[in-house]
Ligand code: AMP
């Protein structure tokens, strides 16, 4: 099939102009939101989108409301030219939406309408990033209202984000289908992430230890280990020995990230977050 010609737009009205025409022609739309600095993980979202719908919209927006005051909003890598080249070469995206903040937050950031998520948003990554998931939901809600896609594609790497966006869509009766793209990894197991560029050379060599620790937990669970809290504690200790500052390693119920225990037979997920130098890395594995 011929490669899709990429159009890059900056305004809500330009997105609406394109999507109105597609919908009038009976064409379905899939949407993959990103913060840019694109890698093969993001491009797998574009590929899944192209399978899921006739038209593909991608966005690049470093969303200020999901960063805490001491987080990396200012220094987050912005590489728009390289991103456009990557998407253009992939040839599977129709429209790239690259808004300025006032296009998304016309009333500014302080006194604006926000989405407030339920308690899960304050657990796991939310415990150390207060307000982060509310900020994610706030921008995803806006982007969905702008693009009005049939299908929203998010990555498994941010599993808690996926579950919380699913909850928002279900709870607010938003008419969109959510699909998950599997985590893309470097050859040594490290999950691809824009924040991997914060790793120095020595840290980069150690970084796959996060995936390795989670893989060990998964293997032990499959082998029948039942002492789940002890197993998670061992993984945290393993990360400390590898030079990480672990935030959490937890074993949860896969569907909704609720608690699980050794008595229950149900799909589980092991999730971890840890700091390594300047970088905060997250990963998860389905069991
Ligand atoms: P970000 O640009 O980090 O906000 O990520 C945008 C989307 O890409 C989110 O849905 C992420 O879950 C997804 N994503 C990021 N890294 C990966 C990866 N390594 N594999 C698959 N999806 C990813």
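For 45, 6, 95, which order do you get if you count the other beta carbons within 10 Å of each Cβ and list the fewest first?
Numbers: 45 25, 6 19, 95 22.
Lowest to highest Cβ neighbour count: 6, 95, 45.
How high is the relative contact order of the chain, in percent, counting Cα pairs under 8 Å that sit 6 or more residues apart? Mind showing how you got there, number by number?
On the way: 493 pairs, mean separation 48.9, N = 287.
So the answer I get is 17 percent.
Evaluate segment 153-193: find the radius of gyration of its Cα atoms, find its Kirkwood radius, and give the ratio Rg to Rh. It would help to have the intermediate numbers written out before the result.
Values: Rg = 12.5 Å, Rh = 11.2 Å.
Taking Rh as the inverse mean 1/r over Cα pairs, Rg/Rh reads 1.11.
Using Cβ contacts closer than 10 Å as the measure, can you line up 34, 170 from fewest to most?
Numbers: 34 23, 170 10.
Sorted ascending by nearby Cβ count, the order is 170, 34.
Before rounding to the nearest 500, sum -39500 (n - 2.57) across all DSSP H runs of length at least 4 in the chain and divide by the residue total; then give [θ] at 222 nm in deg cm²/dmol.
On the way: 10 runs with 108 residues, N = 287.
Helices in the chain give a 222 nm mean residue ellipticity of -11500 deg cm²/dmol.
What is the Cα radius of gyration of segment 137-221 over 2.2 N^0.38 Å, N being its residue count? Spell out each step's value before the answer.
On the way: Rg = 16.4 Å, N = 85, 2.2 N^0.38 = 11.9 Å.
The reported ratio for this selection is 1.38.
With labels modelled as points extended 7 Å from the Cα through the Cβ direction, what inter-label distance (nm, one decimal) is found for residue 72 paired with residue 278?
Inter-label distance under the simple model: 0.8 nm.
Which value, to two decimals, describes the C-alpha radius of gyration of segment 217-287 once divided by 2.2 N^0.38 Å? Could the numbers behind the result be given before it?
Details: Rg = 12.3 Å, N = 71, 2.2 N^0.38 = 11.1 Å.
Cα Rg divided by the expected 2.2 N^0.38 Å: 1.11.
I need the Kirkwood Rh of segment 1-90: take the reciprocal of the average 1/r across all distinct C-alpha pairs and report it in angstrom. Can you show the working numbers first?
Numbers: mean 1/r = 0.0690 Å⁻¹.
Final number for the Kirkwood radius of segment 1-90 is 14.5 Å.
With the convex hull built on the Cα atoms of segment 245-286, state its orientation-averaged projected area in nm². Write out the running numbers ahead of the final one.
Values: hull surface 12.5 nm².
Seen from a random direction, the Cα hull of segment 245-286 projects 3.1 nm² on average.
Measuring from label point to label point, each 7 Å out along Cα→Cβ, what is the residue 25 to residue 128 span in nm?
4.7 nm
Counting only DSSP beta bridges with both residues in the chain, what percent are antiparallel, rounded to the nearest 5?
Working: 18 of 37 bridges.
Rounded to the nearest five, the antiparallel share is 50 percent.
Per the Kirkwood treatment, what hydrodynamic radius in Å, one decimal, follows for segment 130-186 from the mean inverse distance over all distinct Cα pairs? Write down the numbers at each step before the final one.
Numbers: mean 1/r = 0.0847 Å⁻¹.
With all distinct Cα pairs of segment 130-186 included, I get 11.8 Å.
How far is it, in nm, from the label point at residue 8 to the one at residue 241 when both lie 7 Å from their Cα along the line to the Cβ?
4.8 nm
Please work out the C-alpha center-to-center distance from segment 1-57 to segment 215-287 and express it in whole Å.
Between the Cα centres of segment 1-57 and segment 215-287 lies a distance of 35 Å.
Can you give me the three principal axis dimensions of the chain from its C-alpha atoms, in Å, biggest first?
So the three principal-axis extents are 56, 45, 41 Å.
Equivalent-ellipsoid semi-axes (√(5λ), Cα gyration tensor) for segment 75-134, whole Å, largest first?
30, 18, 12
No value in this document is a laboratory result; all are computed from the given coordinates. Just so it is clear, the model here is predicted, and its values are computed rather than measured. Note: ideal-geometry Cβ built from the backbone for every residue, glycine included; neighbour counts use all protein chains shown.
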